[in-house]
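Since every read-out is calculated from the coordinates, none of them should be taken as a lab result. All values reported here derive from a predicted model rather than from experimental measurement. All Cβ positions, glycine included, derive from the backbone under ideal geometry; neighbour counts span all protein chains shown.
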Amino acid sequence: MMTIPTRRLEGKVALITGGASGIGECTAKLFAEHGAKIVIADVQDQLGQSVCDALGSSKSTYVHCDVTNEEHVKNTVDTAVATYGKLDIMFCNAGIIDPNKQRIIDNEKSDFECVLSVNVTGVFLSMKHAARVMVPARAGSIISTASISSNVGGAASHAYCCAKHAVAGLTKNLAVELGQFGIRVNCLSPYAMVTPLTMNFAGVEGEALENVMNQLGNLKGVTLRTDDVAKAALFLVSDEAKYISGQNLFIDGGFSIVNPSFNMFKYPEDL
């Protein structure tokens, strides 16, 4: 029987883009608890530095990084290697969403391109420069934040849905390429939860947003939170997932596999 070590990332070095808030911040703290050294990459300098302050300067470093700028991404990866000697884990998590406009004719080209620039090109660049240092080491794990919108329509904007489908595709393609070097590539697709991005898009905050999402969700009696995504990320980058690659792990309580049209299996309320 396999025993799970209490510190599952002991001696590992993890770089997290978009690590200053939301899923990235939560994951940075969990990875650090499990023994990893953390590099936080973000454009939110004050928030990013405060996360590092919470983790401790001996365990973490903050680097200003706009993931659409290849020099920034290259520098961030080089800083991780220069500071800690290697890069074991790349979490391509930085992402944005455009204004919630229901009709495609109201969507602006500039907003569409901005979302794709961060959510697709930014992931591509993060993967590229992680691979640059992981291939010679013949080891590493790359994960990205996708979304339920990587598989279903009607859950977010056109740009966001398009971008997250692309992240899932990039994940598969890179898993094929890097498998020969022992490098695993996966992504995570969570349902909606309370994060700055989701609250900004939905125009609803905190508990009110959770109530709406719980009402619309498939799995009842439980609320998805950022630490649930962080725990899934921890599993994927740990040795417990040593033979898992090319996968899109849905953390959605079965939401994305349901066809609600037929309203099947509905029990009476008073059961």
Q: Send over the per residue convex hull volume for the chain, Cα only, as a whole number of Å³.
A: 153 Å³
Q.
Give me a comma-separated list of calculated 3J(HN,Hα) values for region 18-34, in order, Karplus coefficients 6.51, -1.76, 1.60 applied at θ = phi - 60°, integers in Hz, x for any Gly or Pro.
A. x, x, 7, 7, x, 4, x, 4, 4, 5, 4, 5, 5, 4, 5, 4, 9
(Q) Assuming 0.36 nm per residue, please report the length gained on full extension of the stretch His64 to Lys101 beyond their Cα-Cα distance. (A) 10.3 nm
(Q) Amide H of Ala94 versus every other amide H placed in the peptide plane: which residues, excluding those fewer than 5 positions away on the same chain, fall under 5 Å? (A) Thr17, Gly18
Q.
Loop-only trypsin sites (Lys or Arg not before Pro) in region 3-32, please: DSSP not H, G, I, E or B, and at most 11 other Cβ atoms within 10 Å.
A. Arg7
Q: Pairs of Cα atoms under 8 Å, at least six residues apart: use those to get the relative contact order of the chain, whole percent.
A: 18 percent
Q: Report P(r) for region 103-217: all Cα-Cα distances, bin width 5 Å, range 0 to the bin holding the largest distance, values in whole percent.
A: 2, 11, 18, 19, 17, 13, 10, 6, 3, 1
Q. Say we join alpha carbon atoms closer than 10 Å with springs in a Gaussian network model of the chain; which of Val13, Val135, Val229 then has the biggest fluctuation?
A. Val135
Q: State which stretch of the chain is the longest one without any exposed chymotrypsin sites (Phe, Trp or Tyr not before Pro), exposure meaning a DSSP loop state and at most 10 other Cβ atoms within 10 Å.
A: 1-242
Q) Given 0.36 nm per residue, what is the gain on full extension from Arg132 to Glu10 after removing their alpha carbon distance, in nm? A) 41.6 nm
Q: Over all alpha-carbon pairs in region 14-166, figure out the percentage whose distance exceeds 25 Å.
A: 29 percent
Q) How big is the Cα convex hull of region 64-139 in projection, averaged over all directions, in nm²? A) 5.8 nm²
Q | region 146-200: trypsin sites (Lys or Arg not before Pro) falling in loop per DSSP and having at most 16 other Cβ within 10 Å | A | none
Q | Of every Cα-Cα pair in region 157-271, the percent that sits beyond 20 Å | A | 55 percent
